[in-house]
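Participant: Can you keep this structure in mind? I'll have questions shortly.
The values are calculated or read from the model by the stated rules, or taken from the named source; none is laboratory data. Bear in mind the structure is a predicted one, so any value in this text is a computation, not a measurement. So basically every Cβ, Gly included, is an ideal-geometry build from the backbone, and we count neighbours across all protein chains shown.
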Amino acid sequence: MSDLDRCGEWLSGKGPESDIVISTRIRLARNIEDQPFLSKSSPEQRSAIERNLALAIQRRFPDSLEYQNLCQLSPVDRLCMVEKHLISKDHANSDGDRGVAFDERGRVSILVNEEDHLRIQVIRSGFSFDESWQEIDRIDDELEQDIGFAFSQEFGYLTACPSNVGTGVRVSVMLHLPGLAMTKQIEKVFVSMQRTQHAVRGLYGEGTHPLGDFYQISNQVTLGRSEPQILKIVRDLVSQVIGYERDVRKNLIKEKPMTLADRVWRALGILKAARVIDSEETMDLLSAVRLGIHTGLLPDIDTALVNELFVLIQPGHLQKLEGRKLDTPERDIVRANLIRERLASVV
């Protein structure tokens, strides 16, 4: 099995607060000094940047990271990488030489020629702030030994998007908030995020709406704040949201046990019986099953099994599984077959 075919470690269901926090992701935006931003680069300059950065990454991480030029991958393989959170949709679909380096656990990915020359990303299971920051800081320091980054003494790291100027740090925490969604209190979270200049997005980031009660919370401001300040602000904010979700779940168990049980068991029954099912319904039903695991209703189901299904039922992975292009009705059948197979041993 190649690294490209593995499910990421961030789906393991382990780590601090992993019943609510799916993953913690930290990303750094960097550009090469004395080189134009990609929006101002010619195709020849873009190709030269990709070649030089690929060599630098391979020189620094020869054994731990696999490098792929995205132009050499099929559209399905690129889509699978998006679904695994190794690259962004824009990176998968843009033109010109671009690439990504990633490790076998899907924990580290370095995007070359996305919006910036480099996007360094570390993603870990659970609420893993310190570990994620230590790892990405080490990778950044390693690369900076070979690459001169565009930096201003006045503004900090220079980036293509003004909102990233400064530290270039984006912290994103993916949360599973079915309790707040069920009780229609999720809007309070949105209002709180807006007040504190944080963004709330869906499972696949910017431009996506929440499916399966998954919400990504990330900082929007980097200029004028240090890395420790950004990390602390996001950590404190997410900790509050985790507390709200826990309180709601406890109240559901105490005040509405039959409503909760009906939602969980009905979802499991449909997933185990359906012959045709679309991705949106699947995400909602898997969300209910995951809630059942962590409220004690389905203690014998492995969280990692459900977490991985959230990715495996996506279009790219289904087409990779079948080895051919699938239209929407075909995907709905293959998806149902896959789910029944994976849940066959579940009581």
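Participant: Restricted to the range 10-23, and to residues that are part of a loop (DSSP other than H, G, I, E, B) and not hydroxyl-bearing (Ser, Thr, Tyr), which residue is surrounded by the most Cβ atoms within 10 Å (Cβ to Cβ)?
Facilitator: Ranking the candidates gives Ile20 first.
Participant: Related question: Here are some residues: Lys40, Lys84, Lys14. Which one is under 30 Å from Tyr244 (Cβ atoms), out of contact with any strand residue (DSSP E or B) (no Cβ under 6 Å at 6 or more places or on another chain) and among the basic types (Lys, Arg)?
Facilitator: Lys84
Participant: Filter the range 24-46 down to the residues that are within 22 Å of the chain's Cα centre (by Cα) and within 18 Å of Phe155 (Cβ to Cβ), then identify the one that is surrounded by the fewest Cβ atoms within 10 Å (Cβ to Cβ).
Facilitator: Residues of the range 24-46 that are within 22 Å of the chain's Cα centre (by Cα), as a first pass: 24-30.
Pick out the ones that are also within 18 Å of Phe155 (Cβ to Cβ) and you get 28-30.
On the way: Leu28: 26, Ala29: 27, Arg30: 23.
Here the answer is Arg30.
Participant: Sticking with this structure for a sec: Please tell me if Val189 is hydrophobic (A, V, I, L, M, F, W, C) and over 13 Å from the mean Cα position of the chain (by Cα).
Facilitator: Against the criterion (hydrophobic (A, V, I, L, M, F, W, C) and over 13 Å from the mean Cα position of the chain (by Cα)), Val189 qualifies.
Participant: Something else: Outside any helix (DSSP H, G or I), not hydroxyl-bearing (Ser, Thr, Tyr) and not assigned by TED's automatic domain parsing to the domain that holds Phe214: does that describe Ile270?
Facilitator: no
Participant: Scan the range 47-57 for residues that are surrounded by 14 or more Cβ atoms within 10 Å (Cβ to Cβ) and under 22 Å from Ile136 (Cβ atoms) and jot them down.
Facilitator: Matches in the range 47-57: Ile49, Glu50, Asn52, Leu53, Ala54, Ala56, Ile57.
Participant: Inspect all residues belonging to the range 160-172 and state whether any of them is assigned by TED's automatic domain parsing to the domain that holds Ser109, among the charged types (D, E, K, R) and crowded, with 18+ Cβ neighbours inside 10 Å. Spell out the reasoning first.
Facilitator: Residues of the range 160-172 that are assigned by TED's automatic domain parsing to the domain that holds Ser109, as a first pass: 160-172.
Subsequent filtering for residues that are among the charged types (D, E, K, R) retains 170.
If we keep only those that are crowded, with 18+ Cβ neighbours inside 10 Å too, we end up with 170.
Yes, that holds for at least one residue.
Participant: When you scan the range 45-63, do you find a residue that is farther than 23 Å from Glu9 by Cα, of a type in the set (S, T, N, Q) and touching a His at 6+ places or on another chain (Cβ under 9 Å), even just one?
Facilitator: In the first step, residues of the range 45-63 are kept if they are farther than 23 Å from Glu9 by Cα; the result is 45-56, 59.
Then drop every residue that is not of a type in the set (S, T, N, Q), which leaves 45, 47, 52.
When the remaining residues are screened for being touching a His at 6+ places or on another chain (Cβ under 9 Å), the result is none.
So far as the range 45-63 goes, no, none of its residues is farther than 23 Å from Glu9 by Cα, of a type in the set (S, T, N, Q) and touching a His at 6+ places or on another chain (Cβ under 9 Å).
Participant: Turning to a different aspect of this structure: Just wondering, is there one or more residues in the range 131-149 that are polar (S, T, N, Q), within 18 Å of Asn219 (Cα to Cα) and surrounded by 15 or more Cβ atoms within 10 Å (Cβ to Cβ)?
Facilitator: yes
Participant: If you check Asp63, Asp103, which single one turns out to be of a type in the set (Asp, Glu), surrounded by fewer than 22 Cβ atoms within 10 Å (Cβ to Cβ) and in contact (Cβ under 8 Å) with a residue 24 or more places away in the chain?
Facilitator: None of the other options fit; the residue is Asp103.
Participant: Related question: All but one of (1) under 18 Å from Glu83 (Cα atoms); (2) assigned to a helix (DSSP H, G or I) hold for Lys325; state the number of the condition that does not hold.
Facilitator: The one condition Lys325 does not meet is (2).
Participant: Given the conditions (1) modelled with pLDDT of 95 or more; (2) of a type in the set (A, V, I, L, M); (3) surrounded by fewer than 23 Cβ atoms within 10 Å (Cβ to Cβ), report the number of the one that Ile110 does not fulfil.
Facilitator: (3)
Participant: Same structure again: Would you mind listing the helices (runs of 4 or more DSSP H) fully within the range 110-196 where at least 2 residues are out of contact with any Asp or Glu (no Cβ under 8 Å at 6 or more places or on another chain)?
Facilitator: Numbers: elements: 129-144, 178-182, 186-195.
Fully inside the range 110-196 and qualifying: 129-144, 186-195.
Participant: Moving to a separate point now. For the range 83-100, give me each residue that is closer than 19 Å to Trp10 by Cβ and crowded, with 17+ Cβ neighbours inside 10 Å.
Facilitator: Correct list: Glu83, Lys84, His85, Leu86, Ile87, Ser88, His91, Ala92, Val100.
Participant: Separate question: Do we have any residue at all in the range 219-228 that's of a type in the set (A, V, I, L, M, F, W, C), in contact (Cβ under 8 Å) with a residue 60 or more places away in the chain, assigned to a helix (DSSP H, G or I) and assigned by TED's automatic domain parsing to the domain that holds Met174?
Facilitator: no
Participant: Separate question: Return only the number of the condition from (1) in a helix (DSSP H, G or I); (2) closer than 23 Å to Phe310 by Cβ that Ile87 does not satisfy.
Facilitator: Here Ile87 clears every test but (1).
Participant: Right, something else. For the condition on the phi < 0 side of the Ramachandran plot, surrounded by fewer than 16 Cβ atoms within 10 Å (Cβ to Cβ) and assigned by TED's automatic domain parsing to the domain that holds Thr159, what is the one hit in Cys71, Cys80, Cys7?
Facilitator: Cys71
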